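Colleague: Dropping a structure here in structure tokens format, bear with me for questions.
The values are calculated or read from the model by the stated rules, or taken from the named source; none is laboratory data. Here the structure is a predicted model, which is why all the values come from computation and not from measurement. Here the Cβ positions follow ideal geometry from the backbone for every residue, glycine too, while neighbour counts run over all protein chains shown. SASA here: full protein model, heavy atoms, side chains in, ligands and nucleic acids out. Shrake-Rupley method; radii C 1.70, N 1.55, O 1.52, S 1.80 Å.
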Amino acid sequence: MNSSSFQSELTGMRNVMLNFAFTLTHNSDDAQDLVQDTMLKAITAEDKYTTGENFKGWVLTIMRNIFIDQYHKMSRLATVHDTTEDSYLLNVASADLIAESPEDSYSSYEIEEAIRHLDKLYRIPLVMLVSGYKYNEIADEMGLTIGAVKSRIFTGRHLLQERLSDHR
């Protein structure tokens with residue numbers, strides 16, 4: 001295919017390219033830009049087109065690849081990289097937003113005292129969990145099922161929360 005017939009076939013596909021570009025971009029201005037980029041790329045790559053090959057498929061593949069490349073480029077540009085030395089401060093919540101933990105609002109003595117007043121049924125599995133035991137280890141040690149251990153720990157936590165909320 002000679003250069004003039006190539007360019008005339010390419011310009012004859014302008015409406016097809018515009019429709020396809022609009023399905024990719026969903027914006028008429030971006031679609032027009034994509035068509036122009038595709039026509040420019042196709043003209044510069046004219047020597048790579050083999051006569052007898054599906055011309056429409058070849059051109060629309062160029063368009064799709066340009067669109068994908070532009071999408072990836074925009075994604076990379078939208079990513080913000082902060083290279084400041086104090087970047088660790090970005091993840092620190094302000095003092096106003098930090099919720100009080102039990103350790104901040106109660107002394108360790110008050111917490112230990114509240115735990116001591118729990119029934120032995122709930123206190124032992126709760127203390128074992130806080131000490132680092134896993135549920136299955138607590139179950140084996142106490143001769144209970146894992147479900148029973150989880151239930152007792154759940155109940156123990158709620159009893160402890162109630163006791164501490166009343167304490168203040």
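Colleague: Using only protein heavy atoms and a 1.4 Å probe, report how much of Tyr133 is accessible, in Å² to the nearest 10.
Modeller: 100
Colleague: Tell me which lysines have Cα within less than 28 Å of Lys150's Cα, excluding those fewer than 8 residues away on the same chain?
Modeller: Candidates past the 8-residue exclusion: Lys120, Lys134.
Colleague: Put Ser107, Ser4 in order of accessible area, largest first, 1.4 Å probe: what do you get?
Modeller: Ser4, Ser107
Colleague: Relative to the present Cα-Cα distance, how much length would full extension add between Asn2 and Ser107 at 0.36 nm per residue of separation?
Modeller: Length difference between fully extended and current span is 29.0 nm.
Colleague: Provide the three semi-axes, in whole Å and in decreasing order, of the ellipsoid equivalent to region 1-57 as defined by the square roots of 5 times the Cα gyration tensor eigenvalues.
Modeller: 22, 11, 9
Colleague: Carbon and sulfur: what percent of region 109-168's accessible surface (1.4 Å probe)?
Modeller: Using a 1.4 Å probe with all protein chains present, region 109-168 comes out at 51 percent carbon and sulfur.
Colleague: So what is the accessible area of region 1-82 per residue, in Å², with the probe set to 1.4 Å?
Modeller: In whole numbers, region 1-82 has 68 Å² accessible per residue.
Colleague: At a Förster radius of 25 Å, what calculated FRET efficiency corresponds to the Cβ-Cβ distance of Lys134 and Glu162, to the nearest 0.05?
Modeller: Calculated value: 0.45.
Colleague: To continue, here is another question. ³J(HN,Hα) across region 30-41 via Karplus (A = 6.51, B = -1.76, C = 1.60, θ = phi - 60°), whole Hz, x for Gly/Pro?
Modeller: Ordered by residue, 3J(HN,Hα) equals 5, 5, 4, 4, 5, 4, 4, 4, 5, 4, 5, 5 Hz.
Colleague: Additional query: Gln70 to Ile43: FRET efficiency via 1/(1 + (r/R0)^6), r the Cβ-Cβ distance, R0 25 Å, to the nearest 0.05?
Modeller: 0.85
Colleague: Tell me, what HN-Hα J-couplings in whole Hz come from the Karplus equation 6.51 cos²θ - 1.76 cosθ + 1.60 at θ = phi - 60° for each residue of region 12-29, using x for Gly and Pro?
Modeller: x, 8, 3, 5, 4, 5, 5, 4, 5, 4, 5, 5, 7, 9, 6, 8, 5, 5
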